[in-house]
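A.B. asks: Mind looking over this structure? Questions follow.
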Amino acid sequence: MDITREIDLIAILRNKSCFLFGPRQTGKSYLIRKTLGDYRCYDLLKTDVFLKLSRAPHRIREEITDSEKIVIIDEIQKLPILLDEVHSLIEEKGIHFLLTGSSARKLKRSGTNLLGGRARTKRLLPFIHREIKERFDLVQTLDTGLIPSIYNSNTPHEDLESYVGTYLKEEIAAEALVRNVPAFSRFLTVAGLSNGQILNYTNIASDAEVAKSTAQEYFQILRDTLIGEDLPAWKKSKKRKPFSTSKFFMFDIGVARFLQGRHGLATHSPEFGEALEAYLHHELSAYRYYTGGGELCYWRSTSGFEVDFILNNISAIEIKGKSNITGKDCRGLRALQEEKLLKNYVLVSLETTPRQVDGISIVPWREFLSRLWEGAYD
């Protein structure tokens, strides 16, 4: 499947060097071949390239010519010492580098030269609806996710099993990020069940049979290797005291569901609603990353009112996996309306026709995504 990705590498590199991070198999290498195939590329996954540059990092300075304006180094975290040469070439020759990787952890932990602001940082996520267009299947997406190689697979559940196994073997064991891989494997199952939930390290540690400090460390590994990220609490409500603890979302609903041991999805089930919320978190995150940032939070009051997402302090967005929305479904949005702090109050659902009810926009999920990328909720 030939998919045009939403991120424009040429436009980014026209102005500045760039770190492009993303979990394994999100399509970084394919994107490079498709959009930057005419430029010099050092692929550090290739043994001969890695060995050559690990023995003599200065060789890239000798090989790159004065006429070259863009150079790619794929999987830069495998050889962080190259960043000293990159820094020099940016300063001396004005070359713009694309530096890709599946984790920034090794770069951060090694105290590596991160180019001192000379490169911006971007993230590549799995597919989004806007990229797949008419080939998008909602039920398939909510069950097996949007990792490119898995979305296009005839055996997605088998490939998800392989993906998780590869992650444990290559990202965790090979990089020696944890000493006890079996314990981390148990933790991953619990982390999958925590997808989209408020983090309670004590309960998670108990379920995973590890110390609380170990559970906190393991979650940080998931963040650093881009397998998951926090959704912070929105704390600006005054009438109702807000929660302050973050939620946690994995980068792909298919990976989360595999870790949960779930296979197959019935429309209108509680599982379906949870998966729809996680998927739309992914879409909102992609919108933020690809369009230049912004803030995404959730809101929950200590009295039990909740809204799934607050986008850029402008829009409150609630997700319901239902085709018939009632007043009860708007409870959280109505409570937040009383604060008079936001511009838009949106309920995304399986209904087929948009409508307005007392200042709340009830929007079909496809139309919501279209409006989102048009900037309607900023």
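The values are calculated or read from the model by the stated rules, or taken from the named source; none is laboratory data. Because the structure is a prediction, the values reported are computed rather than measured. Positions of Cβ are backbone-derived with ideal geometry, glycine not excepted, and every protein chain shown enters the neighbour counts. To get the accessible areas, we keep the full protein, side chains included, count just its heavy atoms, and leave off ligands, DNA and RNA. Shrake-Rupley method; radii C 1.70, N 1.55, O 1.52, S 1.80 Å.
A.B. asks: Could you work out how much longer the chain between D329 and D230 gets when fully extended? Use 0.36 nm per residue separation minus the Cα distance between them, nm to one decimal.
C.D. replies: Residue separation times 0.36 nm, minus the Cα-Cα distance, leaves 33.1 nm.
A.B. asks: I've got another one for you. Quick one: compute the contact order of segment 221-338, relative version, from alpha carbon pairs under 8 angstrom and 6+ residues apart, as a percent.
C.D. replies: Relative contact order for segment 221-338 comes out at 23 percent.
A.B. asks: Ok, one more. Restricting things to Cα coordinates, could you compute the convex hull volume per residue of segment 213-333 in Å³?
C.D. replies: Residue-normalised Cα hull volume stands at 137 Å³.
A.B. asks: Something else: Over 19 Å between Cα atoms: which of K239/K340; K78/K247; K238/K343 fall into that group?
C.D. replies: Pairs exceeding 19 Å: K78/K247.
A.B. asks: How would you classify segment 1-105 from its alpha-carbon gyration tensor, with a ≥ b ≥ c the square roots of the eigenvalues: rounded for a/c under 1.5, else prolate if a/b is greater than b/c, otherwise oblate?
C.D. replies: Because a/c hits 1.5 or more and a/b fails to exceed b/c, segment 1-105 counts as oblate.
A.B. asks: Moving on. Between segment 166-239 and segment 36-94, how many Å separate their Cα centres?
C.D. replies: Segment 166-239 and segment 36-94 have Cα centres separated by 34 Å.
A.B. asks: Calculated from DSSP H runs of 4 or more alone, at -39500 (n - 2.57) each and per residue, what is the 222 nm mean residue ellipticity of the chain, nearest 500?
C.D. replies: -11500 deg cm²/dmol
A.B. asks: Treating only the Cα positions of the chain as identical point scatterers, give the base-10 log of I(q)/I(0) from the Debye formula at each q in 0.07, 0.12 Å⁻¹.
C.D. replies: -0.34, -0.98
A.B. asks: Run the numbers on segment 278-361 and let me know its relative contact order in percent, using alpha-carbon pairs under 8 Å that are six or more apart.
C.D. replies: RCO, segment 278-361: 23 percent.
A.B. asks: Taking a temperature of 10 °C and a viscosity of 1.306 mPa s, what whole-number D in µm²/s does Stokes-Einstein yield for segment 326-375 with Rh from Kirkwood over alpha carbon pairs?
C.D. replies: Rounded, D is 139 µm²/s.
A.B. asks: What are the GluC sites (Glu not before Pro) within segment 295-340 that DSSP puts in a loop, where the Cβ has at most 10 other Cβ atoms within 10 Å?
C.D. replies: none
A.B. asks: I'd like to check one number: the per residue accessible area of segment 51-155, probe 1.4 Å, reported in Å² as a whole number.
C.D. replies: 43 Å²
A.B. asks: In segment 49-185, how does Rg compare with the Kirkwood Rh, expressed as the Rg/Rh ratio over alpha carbon atoms?
C.D. replies: My calculation of the ratio gives 1.05.
A.B. asks: Another question about this same structure. Percent relative contact order of the chain, based on C-alpha pairs within less than 8 angstrom and at least six residues apart?
C.D. replies: Relative contact order here is 13 percent.
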